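Have a look at the structure below, then the notes.
What follows draws every value from the coordinates through simple rules; no lab data is involved. In this text, all values refer to a predicted model and were calculated from it rather than measured experimentally. As a convention, Cβ positions derive from the backbone with ideal geometry for all residues, glycine included, and neighbour counts pool all protein chains shown.
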């Protein structure tokens, strides 16, 4: 029998999802549990095992070549351990060793969730066909990943592309990570909302005090709401330009809830990028929205799996 | 006859150097001309041709497998052209095509000078044995290069690692490149000196108003001189931490004239790095001085050559 499928695990603070994925990115089998994030680490692992057992019970399981895991970070691919910020029961948790109890000797790759999203966008999404790309997730936090020379660049520990925690203001606000002026501290959804509220913006009748509420106000022309998005866009632009200057990319793909603001974010972002991406070799950089949607984590984990089905995209035709 | 040598060209605003280099980085033949940087582009090319003709006249020439060129940037490896800031007669100058008139069909690689220096430090210097490294040149400008996954990462155009022009202050001083708050605008030698002079520092009896003069004053405890180096160190630390966060490196090698300040730079740099490199996967990052000295450009151009002698380091034994 051909091993033409891969298994994928997407581990977040809210849910643990698993799937069997074919060479076209199609999801044949899907399984999911809520993450018992506030419980003991073993309870979280039990949920992972439940999801995996559901997959191994599938008649497709014998066709699985390898397992890709995308997890909330930080992860450490070099040791196979994870320490997700939102899952306090897991600190240096030996996830790769533990999944082997269920899946045996299959090859396993572990990457951070930003890297997984990047793998998905490169495989089937907005970064497809681009050999050098940055993908960002702008949401409650700001994460990302890199494609360099046509290949995913997870880094030794699987965390590369973690653009939310580069400093774009040497003496900026203290970030929970311990550094100052981090992109996330300026551009994440909660920080966009916080800044708007501090500036005097009040939510509408729906009471939405999130970045989506600020985006709606910005679309109606509210100057404080517009300014808060412009500042987020400025920080993202500086970080995207820095990445292009450091590694040479020709496209930046922006996803996550905040990207849902559309032109409210992308118009000032593209404008600010012209100010920061000034050298000849980065001036051609384009910024586009992500397209992979809610399955990006699973499809990306599949794309990051160590053994991908040969033939890939053509397999399901 | 074995092709066990490579030819190297190091093109700067002051001199054009060429060499034949063996598999151990030993320089067998060397040739050099001043760069007629203020003259017409063809005069500059004539100097390059002179240097190359000197090399091709060597009895070793038949053993040359390829040519590596490191040039002041920006360069464009994808088109084989160069536009060095300090050589106004060369804008989009087709350097690779033109050297072929002298060297014929040998394989040629073109990289920026920061990338060449990085190749030298990785081959034989302070980054040797490190699969993921950033090298910086802190001098009149600030440049750099990257080694990722054990290999030089020049980027598509040969300019990757150009750390001097990433912004670490969103609303910082305007940089000649057009952006704001660039590392070079804060940490280059001239900017260290400028800031010290603005702060009220006066040069000693030797009249040295360069960063070296500021470093001497800092060593004697002059607070304005110390503060100017601390600010440069802060900008470099943020940029090094950003690089580590983006691509995962475990060592940063700092060379160039300003690195000659020694502890005056490295002590505050290492201290500041602890403030900016906070995530688990970047905390282990070390910073060390470059070791390759004045031949780094030539040795690095040789290291970046497209066909390296097999056996490399063992060849001369």
Next on the checklist: Test of understanding: in a Gaussian network model of chain B with alpha carbons linked when under 10 Å, which of B:285, B:202, B:67 would top the mean-square fluctuation ranking?
Outcome noted: B:202
Checklist entry - Using a Förster distance of 45 Å, how high is the FRET efficiency between residue A:208 and residue A:100, based on the Cβ-Cβ distance and rounded to 0.05? => result 0.50
Item to check | Pairwise label distance in nanometres, residue B:173 with residue B:270, each label 7 Å out on the Cα-Cβ vector | outcome: 2.8
Checklist entry - Got a sec? Which residues in the range B:148-173 would a label at residue B:78 touch, if it sits 7 Å along Cα→Cβ and we count backbone N under 16 Å? => result B:154-161
Checklist entry - With contacts defined as alpha carbon pairs under 8 Å and 6 or more residues apart, what's the relative contact order of the range A:84-140 in percent? => result 22
Next on the checklist: Based on alpha-carbon centroids, what's the gap between the range A:30-97 and the range B:145-184 in Å, whole number please?
Outcome noted: 37
Item to check | Where labels lie 7 Å past Cα in the beta-carbon direction, separation of residue B:263 and residue B:15 in nm | outcome: 3.2
Checklist entry - Can you work out the FRET efficiency for the pair residue A:38 and residue A:198, with r the C-beta to C-beta distance and R0 = 30 Å, to the nearest 0.05? => result 0.50
Checklist entry - Under Stokes-Einstein, with the Kirkwood radius over Cα pairs standing in for Rh, what whole-number D in µm²/s applies to the range A:1-147 at 20 °C and 1.002 mPa s? => result 137
Checklist entry - How big is Rg to Rh over the range B:126-291, alpha-carbon atoms, Rh as the Kirkwood inverse-mean-distance radius? => result 0.97
Checklist entry - Just B:38, B:283, B:63 to compare: in a GNM of chain B, with alpha carbon springs under 10 Å, which one fluctuates most? => result B:38
Next on the checklist: Nearest 500 deg cm²/dmol is fine: what mean residue ellipticity at 222 nm does chain B get from its DSSP H runs of n ≥ 4 alone, each adding -39,500 (n - 2.57), divided by its residue count?
Outcome noted: -10500 deg cm²/dmol
Next on the checklist: Against the 2.2 N^0.38 Å scaling, with N counting residues, where does the range B:242-282 land? I'd like the Cα-based Rg ratio to two decimal places.
Outcome noted: 1.26
Checklist outcome for this item: Taking only the Cα positions of chain B, the convex hull volume per residue in Å³ is 138
Item to check | chain B: angle of helix B:223-247 to the longest principal axis, Cα-based, in degrees nearest 10 | outcome: 60
Item to check | the range B:126-291: relative contact order in percent, alpha carbon pairs under 8 Å with at least 6 residues between | outcome: 25
Next on the checklist: So for chain A, averaging the separation of alpha carbon pairs under 8 Å that are six or more residues apart and normalising by length, what relative contact order in percent results?
Outcome noted: 22
Item to check | the protein assembly as shown - convex hull of the alpha-carbon atoms, volume per residue in Å³ | outcome: 179
Checklist entry - Share of antiparallel DSSP beta bridges in chain A, in percent to the nearest 5? => result 55
Item to check | With Cα atoms, 0 to 90° folded angle of helix B:189-198 axis to chain B main axis | outcome: 20
Checklist outcome for this item: With Cα coordinates, the longest principal axis of chain A makes an angle with the long axis of helix A:263-276, in degrees rounded to 10, of 80
